[in-house]
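Inspection log for the structure reproduced underneath, given as structure tokens.
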Amino acid sequence: MNPDWATERKRMVDQQLRGRGIADERVLAAMLEIPREEFVPLESRVLSYADDPVPIGFGQTISQPYMTALMAESLKLKGTETILDVGAGSGYGAAVLGVLGARVISIELVEGLAQFARRNLQRTGRTGNVTVIVGDGSVGYAESAPYDAISVGAAAPETPAKLIDQLRDSGRLVIPVGTRKDQSLMVITKKKGGTNSRTVTQCRFVPLRGAGGWR
Ligand code: SAH
């Protein structure tokens, strides 16, 4: 018998998110709206609402629900934003950002994962404002810049300069920065050409590859 996904989703939002301090009601509502089980490979579906990252193939994972929520919350989205999501993976994070902003461009390096993300977004009816592109997102995606917000779901050795360049003034970038094994989740705000940054938490993400990541 299939688990009752709606009940599991509600429990995830209450225990893993609200219970750990995620307070933005729009973020909580978005995580309640998107069916995470539709973004997890069939063989791992029972793990859809686990408090962990879940493998999605190609050595990659769909981020832990709490991380997706924390990253979305730190972007302080109102609903009008153009957002760049780096590392589409399953498409789940992009779907959540699609509920919170106006338009999402999600860029993925691995062709097979871009296809997986597109299929998942299509099946869940999210392609109206979420587009998946294949490419190296460590240098951003200049074609749709500037962005009000950029979310990077893979860890970089340092903040890629091109991502800052492609942010609009007062735009925000959330990105894990550090070593391959542990990182700080940083929120960087662009202000009149300069930047302010703060650390949200310690974390461990898969490595960002490409020109602005680890080669
Ligand atoms: N946000 C995703 C999970 C991201 S996992 C989700 O919700 O499912 C990190 C992803 O970043 C992986 O799919 C990996 O292939 C991708 N990635 C790594 N380096 C990249 C790069 N330079 N450009 C685009 N995607 C990259």
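When R198, R126, R180 are checked against the criterion of being touching a strand residue (DSSP E or B) at 6+ places or on another chain (Cβ under 6 Å) and in a loop (DSSP other than H, G, I, E, B), R180 stands alone in meeting it. Per the conditions (1) assigned to a loop (DSSP other than H, G, I, E, B); (2) under 30 Å from S170 (Cβ atoms); (3) in contact with a helix residue (DSSP H, G or I) (Cβ under 7 Å, 6 or more places away or on another chain), the sole criterion not satisfied by L121 is (1). Selection within segment 1-52: residues that are among the basic types (K, R) and in contact with a helix residue (DSSP H, G or I) (Cβ under 8 Å, 6 or more places away or on another chain). The member of this set that is nearest to G89 (Cα to Cα) is R36. Annotation: P35 fulfils all but one of (1) within 14 Å of the chain's Cα centre (by Cα); (2) under 26 Å from A6 (Cα atoms); the unmet one is (1). Assessment of segment 106-117 against the conditions (outside any helix (DSSP H, G or I), more than 12 Å from the ligand (Cβ to nearest atom) and over 21 Å from E37 (Cβ atoms)) yields no matching residue. Looking at segment 35-52, which of the residues that are buried (at least 19 other Cβ atoms within 10 Å of the Cβ) and not acidic (D, E) is nearest to Q16 (Cα to Cα)? Per the stated criteria, the residue is Y49.
Being touching a residue at least 12 places away in the same chain (Cβ under 8 Å), more than 13 Å from the ligand (Cβ to nearest atom) and over 24 Å from P207 (Cβ atoms) holds for only one residue in T127, T131, and it is T131.
Condition check ((1) away from the ligand (no atom under 16 Å from the Cβ); (2) part of a strand (DSSP E or B); (3) modelled with pLDDT under 95; (4) closer than 17 Å to G93 by Cα) across all residues:
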position: D148; (1), (2), (3), (4): yes, yes, no, yes
position: D169; (1), (2), (3), (4): yes, yes, no, no
position: R172; (1), (2), (3), (4): yes, yes, no, yes
position: I175; (1), (2), (3), (4): no, yes, no, yes
position: S184; (1), (2), (3), (4): yes, yes, no, no
position: I188; (1), (2), (3), (4): yes, yes, no, no
position: F205; (1), (2), (3), (4): no, no, no, yes
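Restricting to segment 68-93, give me the number of residues that are near the ligand (Cβ under 9 Å from one of its atoms) and either part of a helix (DSSP H, G or I) or surrounded by fewer than 22 Cβ atoms within 10 Å (Cβ to Cβ) (or both). If you could, list the steps in order and put the result at the bottom.
Pass one, segment 68-93, residues near the ligand (Cβ under 9 Å from one of its atoms): 68, 71, 85-93.
Pick out the ones that are also either part of a helix (DSSP H, G or I) or surrounded by fewer than 22 Cβ atoms within 10 Å (Cβ to Cβ) (or both) and you get 68, 71, 92-93.
Going through segment 68-93 one residue at a time, the tally reaches 4.
Residue by residue through segment 41-67, note down the ones that are among the hydrophobic types (A, V, I, L, M, F, W, C) and away from the ligand (no atom under 12 Å from the Cβ).
Of segment 41-67, the ones among the hydrophobic types (A, V, I, L, M, F, W, C) are 42, 46-47, 50, 54, 56, 58, 62, 67.
Answer for segment 41-67, where residues must be among the hydrophobic types (A, V, I, L, M, F, W, C) and away from the ligand (no atom under 12 Å from the Cβ): L42, V46, L47, A50.
The values are calculated or read from the model by the stated rules, or taken from the named source; none is laboratory data. If you're wondering where the values come from, they're calculated on a predicted model, not measured in any experiment. Note that each Cβ is placed from the backbone with ideal geometry, even for glycine, and that neighbours are counted across all protein chains shown.
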